[in-house]
1. Please label the shape of segment 98-159 as rounded, prolate or oblate, based on the square roots a ≥ b ≥ c of the eigenvalues of the alpha-carbon gyration tensor (a/c under 1.5 means rounded; beyond that, a/b larger than b/c means prolate, else oblate).
2. Rounded, prolate or oblate, given the Cα gyration tensor of segment 133-184, with a/c below 1.5 counting as rounded?
């Protein structure tokens, strides 16, 4: 990346910092000194901030050139908004999925997250409907979207499970855990 300073290599990974990040480091040091903080706490704050930024830049560089279709989950279960909470709990317990795309007639209607499902069970019992517990605000991605864009979105929003569409048809889903697995595999190939 242009404008980066190479600091060192750790475990085969090049550690770089963009020159603009030095302004952030300077600002943090200034604020900490104004508060009366001691140097060790300032250095720890700067170190962990730089480490976090370096990890994100490294992950994004591993994702360059890849599309969402390269890392998405394709074996997902879509549930109907009319299914009971108990039916979806049974699906969850029978497999490894924790979140589900809610779809009807091929159209994505929402997402039911594990925590929302469990909360709805507490409030409505087994016979409550998915449509009463789902999150209707859906962000979707296309199979041709950049994987780095999906990663940045998932980091910003946390806890997202994003349906992936191919010309408006549900073809899979992607979440942060899935992309992190993809990064691990790519790291094994490259280092």
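Rule-based calculations on the coordinates, nothing more; no lab input. As the structure is a computational prediction, the values presented were derived from the model and not from experiment.
1. oblate
2. oblate
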